[in-house]
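Here is the structure we will look at, set down as structure tokens.
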Amino acid sequence: MTTPHYSLYIDGKWVDTGDVYEIRSPATEELVATVARGGVAEADRAVAAALAAHRDGQWRRTSPQQRAALLHDVAGRLAARTDELAALQSRENGATIRITGALHIGLSAAQLQYLAALAEDYPWETEGPQIGPVPAAAGLVRREPLGVVAAIVPWNIPLLTIVWKIAPALAAGNTVVLKPDEHAPLLALELAREFEAAGLPPGVLNVVTGDGDPVGAHLSGHPDVRKVAFTGSTVVGKAILRQSADTVRRVTLELGGKGANILLDDADLDIAVDGALFACMANNGQACEAGTRLLVPAQRHDEVVRRLVERGSTLVLGDPLSPGTHVGPIISAEQRDRILDYFRIAAEEGAFAALGGRAPEGDGFDRGFWIEPTVFTGVTNDMRIAREEVFGPVLTVLRYDTVDEAVAIANDTPYGLSAGVWGGEEQALEVARRLEAGMVWVNDWHVIHPAYPFGGYKESGLGREGGPHALDEYTEQKFVSLDRSGGIANRAFAIVIDPAG
Ligand code: NAD
């Protein structure tokens, strides 16, 4: 079978750059595809195409219903290719086939459909209350597209993080330059194919692959880009925010997390222990919203750890394409080594790996990049393993004595993306209300739904994706005042000029 090759998509054309790089499976290091590598020149061409498409107005002047129909069409096209795209995603970034179909592809299609429906009913132009004495003036509030949006996304859940941005951007009539992560650009380019097939005009969506620096950095500082929608690390998110100050560019940021997962005294451990492993290990532990700090009442600590080890030992680490696999590989050798570094630091700081804590060896692990599902005990919230985002299948267990202390530990982090509470609903909900996090799951985790906002408090981000306000993030509000008196009486003009006669 010949290896597929992917070109960039600029101004409705598939373009090569003379520079090609390889996408290799993080599980086997086998060649999955070759991709044209874009640079600053391609980023500039893509922004120019998007700006021209914004200015010619063909897309933004379509009706919301027409734009919604196109999003529905693309959602259907993705859904029809679920198995194929899920396998491609698993081969490209190592996410298990158990998650790529339902989450990566399925939820992305659902998100497109939700945004299409939202666009159909959105208050694009509404008339407000009468202004001044009758008959005087009325006001319109219009929602208008921003212009060129740069969407920059990571490799861990590429399609969903893309759709969170480009679905509202396109539904609102914006034009887009999408920069996928260099490790996982294939689904972005497959999506562009579907938009092209669905009849999106040239220049409205452009995809430029390439490295964060220069391509992402160039796009996020480009004077013609009116908004940057970014998902990725907090350090890059902060750089984008600083870069955006000069042009007061709109920004949404979905950044890192260090989710606190609080087991209350009355938590049902048969559910909560599996739930804690799900919270941390899903998507190979490479999820921003993962629950990576498990807070356990001191008197239940040993029992919880025993159960975590027992249940955690049943997790199958291996081939992401096998339906029997629970946890797949780490995205790259660099990221695996970073995790191994954290293991060394954790040991130095006095934590103890009750489960895992190594790179596995032997059959099936001689190629690719692997980390065993890991549970650290003896962790306190000042340790680096509890404060920094490890981005791997690594759970830390912390003890607490009182619920107040649990809440204080949970909130003692620069992050604020996700949190969870397990126990009777009344008390769990009370705790949920006290947590500084954009998403709190009671007796569950990873509940992500198009109709609910996704995003973080504090250094986990700015703005929200999804939810009923998704289109607000991609539109400007314009107040249009309309005089309807037709005369000169009762005007404010008299403040500066006396009425004639
Ligand atoms: P990263 O910040 O290194 O890269 C993300 C994207 O930004 C990539 O496309 C990359 O090429 C680009 N980039 C890199 N440097 C850039 C620069 N200087 N200017 C502009 N763009 C640049 O992130 P990563 O380590 O690859 O991804 C994992 C991170 O993403 C984790 O911190 C994770 O928590 C976060 N994440 C957050 C969410 C969320 O919704 N909050 C979702 C998924 C991942």
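The values are calculated or read from the model by the stated rules, or taken from the named source; none is laboratory data. For clarity, every value in this text was computed on a predicted model and none was experimentally measured. Heads up, the Cβs are rebuilt from the backbone with ideal geometry, glycines too, and the neighbour counts pull from every protein chain shown. For accessibility, only protein heavy atoms count, side chains too; no ligands or nucleic acids. Shrake-Rupley method; radii C 1.70, N 1.55, O 1.52, S 1.80 Å.
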Within the stretch 329-344, residues surrounded by 14 or more Cβ atoms within 10 Å (Cβ to Cβ) and away from the ligand (no atom under 16 Å from the Cβ) come out as Leu340, Phe343
Every listed condition ((1) surrounded by fewer than 22 Cβ atoms within 10 Å (Cβ to Cβ); (2) in contact (Cβ under 8 Å) with a residue 24 or more places away in the chain) holds for Glu22 save (2)
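Mind checking which residues of the stretch 253-277 are in a loop (DSSP other than H, G, I, E, B), away from the ligand (no atom under 16 Å from the Cβ) and buried (at least 22 other Cβ atoms within 10 Å of the Cβ)?
Hit for the stretch 253-277 is Ala267, nothing else.
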Selection from the stretch 164-194 of residues more than 12 Å from the ligand (Cβ to nearest atom) and closer than 17 Å to Arg464 by Cβ yields Ile166, Ala167, Pro168, Ala169, Ala171, Ala172
Of the residues in the stretch 218-235 that are crowded, with 18+ Cβ neighbours inside 10 Å, under 16 Å from Leu255 (Cα atoms) and not aromatic (Phe, Trp, Tyr), the one that is nearest to the ligand (Cβ to nearest atom) is Gly232
For the stretch 223-241, pairs from a residue that is of a type in the set (A, V, I, L, M) to a residue that is near the ligand (Cβ under 7 Å from one of its atoms) and in a helix (DSSP H, G or I), with Cβ under 6 Å and 6 or more apart or across chains, are Val228/Ser220; Val228/Ile240; Ile240/Ser220
For the stretch 284-306, pairs from a residue that is polar (S, T, N, Q) to a residue that is within 16 Å of the ligand (Cβ to nearest atom) and part of a helix (DSSP H, G or I), with Cβ under 7 Å and 6 or more apart or across chains, are Thr292/Cys280
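Every residue, every condition in (1) β-branched (Val, Ile, Thr); (2) within 13 Å of the ligand (Cβ to nearest atom), yes or no:
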{"position": "Glu430", "(1), (2)": "no, no"}
{"position": "Val440", "(1), (2)": "yes, no"}
{"position": "His446", "(1), (2)": "no, yes"}
{"position": "Gly455", "(1), (2)": "no, yes"}
Given (1) within 23 Å of Val47 (Cα to Cα); (2) within 16 Å of the chain's Cα centre (by Cα), Gly210 misses just (2)
Conditions (1) within 16 Å of the ligand (Cβ to nearest atom); (2) in contact with an Asp or Glu (Cβ under 8 Å, 6 or more places away or on another chain); (3) in a helix (DSSP H, G or I); (4) closer than 27 Å to Glu465 by Cβ -> Asn283 fails only (2)
Here the residues within the stretch 469-496 that are farther than 30 Å from Leu146 by Cβ and modelled with pLDDT of 95 or more are Val496
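Would you be able to say whether some residue in the stretch 141-152 is more than 16 Å from the ligand (Cβ to nearest atom), of a type outside the set (S, T, N, Q), touching a residue at least 60 places away in the same chain (Cβ under 8 Å) and under 23 Å from His449 (Cα atoms)?
Restricting attention to the stretch 141-152, the residues satisfying the condition of being more than 16 Å from the ligand (Cβ to nearest atom) are 141-147.
Right, trim to of a type outside the set (S, T, N, Q) and you get 141-147.
Still in the list and also touching a residue at least 60 places away in the same chain (Cβ under 8 Å): 141-147.
Narrowing further to those that are under 23 Å from His449 (Cα atoms): none.
There is no residue in the stretch 141-152 that is more than 16 Å from the ligand (Cβ to nearest atom), of a type outside the set (S, T, N, Q), touching a residue at least 60 places away in the same chain (Cβ under 8 Å) and under 23 Å from His449 (Cα atoms).
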If you go through Ala494, Ala437, Ala428, the only one that is assigned to a helix (DSSP H, G or I), touching a strand residue (DSSP E or B) at 6+ places or on another chain (Cβ under 7 Å) and either open to solvent by 30 Å² or more (accessible area, probe 1.4 Å) or not hydroxyl-bearing (Ser, Thr, Tyr) (or both) is Ala428
For Ala117, the lone unmet condition from (1) in contact with a Gly (Cβ under 6 Å, 6 or more places away or on another chain); (2) more than 30 Å from Ile331 (Cα to Cα); (3) among the small types (Gly, Ala, Ser) is (1)
With criteria (1) outside the structural domain of Pro360 (by TED's automatic domain parsing); (2) over 23 Å from the mean Cα position of the chain (by Cα); (3) within 24 Å of Ala287 (Cα to Cα); (4) among the charged types (D, E, K, R), Arg433 comes up short on (1)
